[in-house]
1. Between GLU123 and TYR208, how high is the FRET efficiency from 1/(1 + (r/R0)^6) when r is the Cβ-Cβ distance and R₀ = 41 Å? Nearest 0.05.
2. Provide the net charge surrounding ASN311, with neighbours chosen by a C-beta distance below 13 Å and charges set as Lys +1, Arg +1, Asp -1, Glu -1.
3. Averaging sequence separations of C-alpha pairs under 8 Å and six or more residues apart, then dividing by the length of the stretch 3-316, give the relative contact order as a whole percent.
4. Given a 1.4 angstrom probe, what's the average accessible area per residue across the chain, in square angstrom?
5. Using the charge dipole of the stretch 3-316 (Lys, Arg: +1 at Cβ; Asp, Glu: -1 at Cβ; taken about the Cα centre), state which of VAL217, LEU243, GLY201 has its Cα farthest towards the positive end.
6. Report in % the part of the accessible area of the stretch 74-165 that belongs to carbon and sulfur, leaving out ligands and nucleic acids; probe 1.4 Å.
7. Counting only DSSP beta bridges with both residues in the chain, what percent are antiparallel, rounded to the nearest 5?
8. Might you report the magnitude of the Cβ-based charge dipole of the chain about its Cα centre, with Lys and Arg at +1 and Asp and Glu at -1, to the nearest 20 debye?
Amino acid sequence: MASIESVTGPLDADDLGRTLIHEHLRARDESNALQFPHLYDDDSLRAAAVEAAEAAVAAGVKTIGEPTAMLLGRDVRFIESVATEAGLQAIVCTGIYTYDHLPLFWQSRSPDAMAEAFIHDIEQGIQGTDIKAAFLKCAADEPGITANVEKIHRACARASLRTGRPIMAHSRPASNTGPRQVEILLEEGVAPERIQIAHTGDTDDLGYIEGLLDKGVFIGLDRYGIEMYLPTGRRNATTLALLERGYAEQMFIAADSCATLDWFPDETVEILVREGAVKDWTITLVPDQVLPALREGGMTSEQEKTMMEENPKRWLVA
Ligand SMILES: [Zn+2]
């Protein structure tokens, strides 16, 4: 059986088990954390990550996809340490998470040079460790497909073609980024079944979603709990409609939770929670609330197994 790289070494693909494909154990600005470490309490950040990882295990999750890339604070030693303590399997990525900004280092270099850096993480190991990337990550958001964003997509595609690793592309349905992201990756020659368009579930426009699915790619219905983009009830209705239409083999369900996230001061987070912009946005939202609601709505156990156990394997193994 094929193997899949994780922070604790290669896993037998059949041993992935119940998988949340998109959850972060810590997300932050890495340059800020390096330059102003006094603004971060390492012990409490680690404790929150361990608490989340342990809660996931207690909820029956065996593996997470931890898609924290460059510019979102990727630190594979941190993930390895947390996952090991919690007894959770974690697979990690290489790539760059940006909506446009790129360090000058990469602005002046080609997509092929960038692809070589990603391939190093896949073949040699990440950040001086022997932990290897199981997948590639790129992003497009409100600014759309800028030149920098396109460069990163092409670099991911070329690294994917060389290594067989799949690509997770953060998208923004409200800015209609998904179709062009798919187009670029297909143009580069990536097979559709190696592509996952994350955050597609931020819309319930079935026409938009089916436009992507009909290209043969995977989609992420992966931001459960972020009510400000789409409330859970409407996310569930969309998921059930897509299951009804026969797309179980192309869908992932997750929350894109962050055990900690440094984007907002505490008082802003309190307001967001109080005003309902996010609700129960944790790593256990899917196993504890979403899956039971979907079962209630008619999701079969076979569809559930397809999305939570089989799709991760099929996406990850070339
Ligand atoms: Zn994410």
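1. 0.70
2. So the environment of ASN311 carries a net charge of -2.
3. Normalised by residue count, the contact order of the stretch 3-316 is 20 percent.
4. That works out to 41 Å² per residue.
5. Result: VAL217.
6. 48
7. Looking only at bridges with both residues in the chain, the antiparallel portion is about 15 percent.
8. That gives the chain a dipole magnitude of about 700 debye.
The values are calculated or read from the model by the stated rules, or taken from the named source; none is laboratory data. For clarity, every value in this text was computed on a predicted model and none was experimentally measured. Please note: Cβ atoms are built from the backbone with ideal geometry, for glycine as well, and neighbour counts cover all protein chains shown. Heads up: the accessible areas ignore ligands, DNA and RNA and are worked out on the full protein's heavy atoms, side chains in. Shrake-Rupley method; radii C 1.70, N 1.55, O 1.52, S 1.80 Å.
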